[in-house]
Amino acid sequence: MPSFIVLLGPPGVGKGTQAKTLSERTGLAHISSGDLFRENIKNQTELGKLAQTYMTRGELVPDDVTIAMIRERLGRPDSESGAILDGFPRTPAQAEALDVMLQEFNGRADAVPYITAREDVLIERLSGRWTCRAKGHIFNQKSNPPQVAGTCDFDGSELHQRDDDKAETVKRRIQVYLDQTSPLISHYRHQGKLIEIDGTQSIEQVTQALMDALKKYPS
Ligand code: AMP
């Protein structure tokens, strides 16, 4: 049965970084809704144009559009044995849609790791974050600097600051998370799936905590 891992947590807590590592270690596909939107923006698709108007303001893209995009992505062959969901669901309506989609794909989400950190830590991390243009590898000028400033360690591409990582938008994104995404914490806690992980530990410690937590679930 396909196994899905839903990574929950505020922007800047390290979901993207951890999802990439978990994907390598488990062999499950990494599905990042933010990356899918950014890919559409790069390719100037209609979806990209629409998403951009919300993303630059730090707002969420409407549920129907987001759900349709994820539904299409989950239908691709590399998600057949499951996936790590990074940034989706982000609203109660998306969580409900995911439950329905998983039933359709005959899959299940047993584990919902919830990575936490205080707001001042998130703001500091997001404003010091550098992202690679080619594949979205993530660095941080303080906690995880690249070996050569401005260059991705993995593929040599240029590092840039995401528009929505600028200070004013970061605050808006955290507020949107508190208003719209945090209700999912109690939703998954009630289902007995939530695993809380301290996101202020080192990247390696968070990975270890995630791997330890996931061992408890059948693959
Ligand atoms: P992220 O890379 O996960 O921080 O997402 C960047 C931006 O993409 C968010 O601030 C939203 O504008 C949009 N986005 C990503 N995932 C979702 C989602 N599940 N629902 C709505 N908007 C999303």
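The values are calculated or read from the model by the stated rules, or taken from the named source; none is laboratory data. Predicted model, so just to flag it, every value in this text is computed and none were measured. As a convention, Cβ positions derive from the backbone with ideal geometry for all residues, glycine included, and neighbour counts pool all protein chains shown. The protein model used for the area step is the full one, side chains on, heavy atoms only, and it has no ligands, DNA or RNA in it. Shrake-Rupley method; radii C 1.70, N 1.55, O 1.52, S 1.80 Å.
GNM remark for the chain: springs join alpha carbons under 10 Å apart, and the peak mean-square fluctuation among Ala209, Ala83, Ala19 falls on Ala209. Once the Cα-Cα distance is subtracted from the 0.36 nm per residue extended length, the Val100 to Leu178 segment shows a gain of 25.6 nm.
Which order do Glu24, Glu96 take by accessible area at a 1.4 Å probe, largest first?
Numbers: Glu24 150, Glu96 115 Å².
Heavy-atom accessible area, descending, gives Glu24, Glu96.
Would you mind estimating how fast the chain diffuses translationally, via Stokes-Einstein at 25 °C and 0.890 mPa s with the Kirkwood radius over Cα pairs, in µm²/s? The estimated diffusion coefficient comes to 139 µm²/s. Going by accessible surface with a 1.4 Å probe and the largest first, Arg129, Arg189, Arg108, Arg118 read Arg118, Arg189, Arg108, Arg129.
Relative to the current alpha-carbon distance between Arg76 and Ala149, full extension at 0.36 nm per residue lengthens the span by 22.7 nm.
Within the listed set Leu159, Leu85, Leu178, the Gaussian network model of the chain (springs between alpha-carbon atoms below 10 Å) gives the highest mean-square fluctuation for Leu178.
Estimated from helices alone, the mean residue ellipticity of the chain at 222 nm is -13500 deg cm²/dmol (sum of -39500 (n - 2.57) over DSSP H runs with n ≥ 4, per residue). Note on Ser202/Lys42: beta-carbon distance plugged into 1/(1 + (r/R0)^6) with R0 of 41 Å gives a FRET efficiency of 0.85.
Only the Cβ atoms of Lys and Arg (+1) and of Asp and Glu (-1) were treated as charged; on that basis the dipole of the chain about its Cα centre amounts to roughly 200 debye. Here the Karplus relation 6.51 cos²θ - 1.76 cosθ + 1.60, evaluated at θ = phi - 60°, turns the backbone of region 49-59 into coupling constants of 4, 5, 4, 4, 5, 7, 5, 5, 8, x, 8 Hz, with x for every Gly and Pro. Accessible surface ranking for Arg76, Arg173, 1.4 angstrom probe, highest first: Arg76, Arg173.
Sort 45-53, 59-67 by packing, meaning the average of other beta carbons within 10 Å per residue, with the highest value first.
Working: 45-53: 14.9, 59-67: 17.1.
Highest mean packing first, the order is 59-67, 45-53.
The mean accessible area for residues of the chain, using a 1.4 Å probe and ignoring ligands and nucleic acids, is 50 Å² per residue. Could you work out the percent of alpha carbon pairs in region 101-197 separated by over 16 Å, rounded to a whole number? Value for region 101-197 (Cα pairs over 16 Å): 67 percent.
Residue separation of Lys135 and Asp64 scaled by 0.36 nm, minus their Cα-Cα distance, works out to 22.9 nm of gained length.
Only protein atoms count toward the accessible area here, which uses a 1.4 Å probe; on the chain, the carbon and sulfur part of that area reaches 50 percent. Computed over region 1-109, the P(r) curve from all C-alpha pair distances, binned at 10 Å from the origin, holds 14, 48, 34, 4 percent per bin.
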